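The values are calculated or read from the model by the stated rules, or taken from the named source; none is laboratory data. Note that this is a predicted model, so its numbers are computed, not measured. Virtual Cβ from ideal backbone geometry, glycine too; neighbours counted across all protein chains shown. Each accessible area value is taken on the protein alone, full model and side chains, heavy atoms only, with ligands, DNA and RNA left out. Shrake-Rupley method; radii C 1.70, N 1.55, O 1.52, S 1.80 Å.
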Amino acid sequence: MLSFTVYDVFKRNAAIHAKETAVVCGEKRFTFEEVLGQVDALAKGFKKCKIGKGDRIAILAHNCHKYLLLFGAAAASGAVVVAINWRLSADEINHILEDCAPSALFYDINNAEIVNNLSKTGAYSGQLFSFESSGTVGKPLDLLAITDSDMDAIDVYADDPFCIIYTAAVGGKSRGAVLTHSNICLGNLQSIATMGLSFRDVHLNMLPLFHITGINLAFSVMHAGGKNVIMGKFDPQKAMEFIEKEGVSVIGSFPPILSNLLTETEKKSYSISTLRHVLGIDSIDNIKAFEAKIGSVFWTLYGQTETSGMVSFSPARDKFGSAGKQGLLIKMNLIDENEKPVPIGEPGEIVVQGPLVFKGFWNQEEYNKYIFRNGWHHTGDMGRTDEEGYLWFAGRKPEKELIKPGGENVYPAEVEKTILEHGDVLEVSVIGVPDPKFGEGIKAVCVLKPGSGLKAEELKEFVASRIARYKKPGYVEFVESLPKTATGAIDRLKVKSIYG
C-alpha cells in the first residue's frame, strides 16, 4: 500500500499522458501508452523465460529505446538491471558477469563481438538476447515480447533492488552499487523539484544509460511526463540537430561535451533557445562561455552512484567553483578522522544520510559495514562548506584515491596493477593531473627495470589492451625512484606534489 516503484512511473504516465510522445529513437517515436504496452509485453516474456523477482538481467548496449523498455520490464517483474559500461575490457565485463550471475544478457550489435567470445569460451552461459533480429548469437529481443495475455501482478516494493551499477574498484575489481526503486524515484523527484522540470521538458540522452547521471536525467524527465530523445553515442553535430529539431530543454554534460558543443555552434548556426538546463561538471571558462552563447543554466554538482546521483547541485553561476548546495532529500555532514563534525570552512570527509543512499555493494557485506559505520554513508571524498552552505570539493581520502576523466571513475590502484604486469616496470604511482580536454587526466610515474627501453606510447597501449581504454594514462613519466613513506610504501601525496 505504501510503495511506489519505477514501474508505477510507466503506469502513471500511460494513464495521464497516454497519447503524448514519450521516447524518440532514430525514426521511431513511441507514446507513453505504447511504451507501457511494450514494457508489459517484455515483462510477460521474462516470466516465460523464468526471469523473476530478484534475478539479475545484464544490459551491454549503447543508448537505445530498448534499454528503457528493459528498465521498465525489469521494474514490473522485480528483476534487477545490471547496466554494464560498454567501454570496459572483456576481462572487466567477465568479472561483472561472474560477480552478479545474471539470468540473461541483453546486448546490441556494437557489442556482438565481445558477447560472441564470452559465449564461445563458456565465460557466460546464461540466456542471450540481442537488440537486433539477425547476425548475432542468442534470440532477438523482439521475440521475447508476449502480447496475447494479461499482465500478472507481481509484488515489487519500493525498497527492492532495481539496478546494480558497477563502480568502485577494490584490488583491481569493480563493485556493484545496488540502487532501489525508492532511490531512483526519489532521485527523480529531487531533480524535478530543484530544476523545475515538467511534462513540457525534453531530455536528450547523450550520457550513457549505464551511468547514474544518464539514468537520473532520463527517468526524472520521464517521471515529470516529458519526452526522452535517445542518442546511441554522443556526437556534437547530431546533438545540436536533435536539440533544434525536438526542442530539447535538458542535457547532461561531462568534459569534453560542452567544449565540443561550443565548437559546433561556431561551425553552424542552430536554433536552440529551448535548451534550459545543462547538468554536470566542467571548467568555469567553458561554463561561462556556454551560458553566454546559449542562455541556458549550467547546474554544477557533486554526487556518486552510491547516492543515486546528486548530493549537491545548484546553478554554477550562483557561486562559481563550488559544487552547489545539498539536495532537497540529502542529509550531509563533513567529519574528521574521529568521526566528529568539522567547523565551517574546514575540510572533512563528506558523509551522507537519507533516502537516496544506496542499499550497499553487491556481495560486499564487510565493506558495507565499514562505509555505513555510525549510520552514515562515508563517501571517501573530502569537502568543505562556506557560510552560505555551498559545498567545495577538496579531493579524496587516500583510501579512496580516484581520478575522473570525463566523468568516468578511474581508480589508480587498478591502473597501477595493470602497469605492473608489464615486465619492464619496477614501480609505479598513478595520479590525477589537470587535463585541458577531460578536466582531469591520468598520469603514470614509473620506475623501469635496469636496461629497459620501454617507451611511453608502448606502455599506454599495453594498459589499453588490458582494461578499458579510458583508463589508460594520458601522461607517462619515467623516473629514477619514487618517494617512500617511513613504512616503505610509495608516498602518493609526495608523488603528486612533485610530478602532478
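Run through the DSSP bridge list for the range 408-500 and note the antiparallel percent, rounded to the nearest 5. Spell out each step's value before the answer.
Details: 11 of 15 bridges.
DSSP beta bridges in the range 408-500 are roughly 75 percent antiparallel.
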Given the chain, what percent of its DSSP beta bridges are antiparallel, to the nearest 5? 55 percent
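Just subtract the alpha-carbon distance of Ile16 and Ala456 from 0.36 nm times their residue separation and send over the number in nm, one decimal.
Result: 152.6 nm gained on full extension.
Within 12 Å, Cβ to Cβ, of Ala468, how many net charges do the neighbouring residues add up to if Lys/Arg are +1 and Asp/Glu are -1?
+1
Roughly speaking, to the nearest percent, how much of the range 104-224's 1.4 Å accessible area is carbon and sulfur? Provide the component values of the computation, followed by the final result.
Details: 2360 of 4620 Å².
The value for the range 104-224 is 51 percent carbon and sulfur by accessible area.
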Using a cut-off of 20 Å between alpha-carbon atoms, which lysines can reach Lys455, once sequence neighbours fewer than 8 places away in the same chain are excluded? Lys417, Lys443, Lys471, Lys472
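Given a 1.4 angstrom probe, I'd like the percentage of the accessible area of the range 286-391 that is carbon and sulfur, rounded to a whole number.
Working: 2290 of 4690 Å².
Heavy-atom surface of the range 286-391 belonging to carbon and sulfur, 1.4 Å probe: 49 percent.
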Any chance you could list P(r) for the range 370-500, counting all Cα-Cα pairs in 5 angstrom bins from zero, rounded to whole %? 2, 9, 18, 21, 19, 13, 8, 5, 3, 1, 0, 0
Charge-dipole axis of the range 390-444 as Lys and Arg at +1 and Asp and Glu at -1 on Cβ define it, positive-most pick from Phe438, Val410, Gly423: Phe438
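Using a 1.4 Å probe, what is the accessible area per residue for the range 253-334, in Å²?
Working: 3220 Å² over 82 residues.
Ligands and nucleic acids excluded, the result is 39 Å² per residue.
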Relative contact order, percent, of the range 1-68 when contacts are C-alpha pairs under 8 Å separated by at least 6 residues? 23 percent
In a shell of Cβ-Cβ distance under 13 Å around Leu261, excluding Leu261 itself, what net charge do Lys and Arg (+1) and Asp and Glu (-1) give? -3
Computed on Cα atoms only, the convex hull of the range 85-208 has an orientation-averaged projected area in nm² of 11.0 nm²
Can you tell me the accessible area per residue over the range 387-476, all protein chains present, probe 1.4 angstrom, in square angstrom? 44 Å²
P(r) histogram, all alpha-carbon pairs of the range 292-415 included - 10 Å bins from 0, percent: 12, 42, 34, 10, 2
Quote the relative contact order of the range 457-500 in percent (integer), defining contacts as alpha-carbon pairs under 8 Å separated by 6+ residues. 21 percent
In the range 1-84, carbon and sulfur make up what percent of the accessible area (probe 1.4 Å)? 54 percent
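Can you compute the equivalent ellipsoid semi-axes for the range 223-283, i.e. the square root of 5 times each eigenvalue of the Cα gyration tensor, sorted largest first and rounded to whole Å? Intermediate results must be reported in sequence, preceding the final value.
Details: eigenvalues 64, 43, 24 Å².
After diagonalising the Cα gyration tensor, the semi-axes are 18, 15, 11 Å.
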Which FRET efficiency value, to the nearest 0.05, do you get for Ile498 and Tyr475 by plugging their Cβ-Cβ distance into 1/(1 + (r/R0)^6) with R0 = 22 Å? 0.95
Once Lys and Arg are counted +1 and Asp and Glu -1 for all other residues with Cβ under 12 Å from that of Ala75, the total becomes -1
To the nearest Å², the heavy-atom accessible area per residue of the range 1-45 with 1.4 Å probe amounts to 51 Å²
In whole Hz, with x marking every Gly and Pro, tabulate ³J(HN,Hα) for the range 469-475 from phi via Karplus 6.51 cos²θ - 1.76 cosθ + 1.60, θ = phi - 60°. 4, 5, 8, 6, x, x, 9
Computed helical MRE - 222 nm, the chain, DSSP H runs ≥ 4 contributing -39500 (n - 2.57), nearest 500: -9000 deg cm²/dmol
Any idea what log10 I(q)/I(0) is at q = 0.09, 0.20, 0.21 Å⁻¹ for the range 1-128, Debye with uniform C-alpha scatterers and no solvent? -0.28, -1.14, -1.21
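Considering Cα pairs under 8 angstrom that are at least six residues apart, work out the relative contact order of the chain and quote it in whole percent.
Values: 1058 pairs, mean separation 55.2, N = 500.
Over the chain, the number comes to 11 percent.
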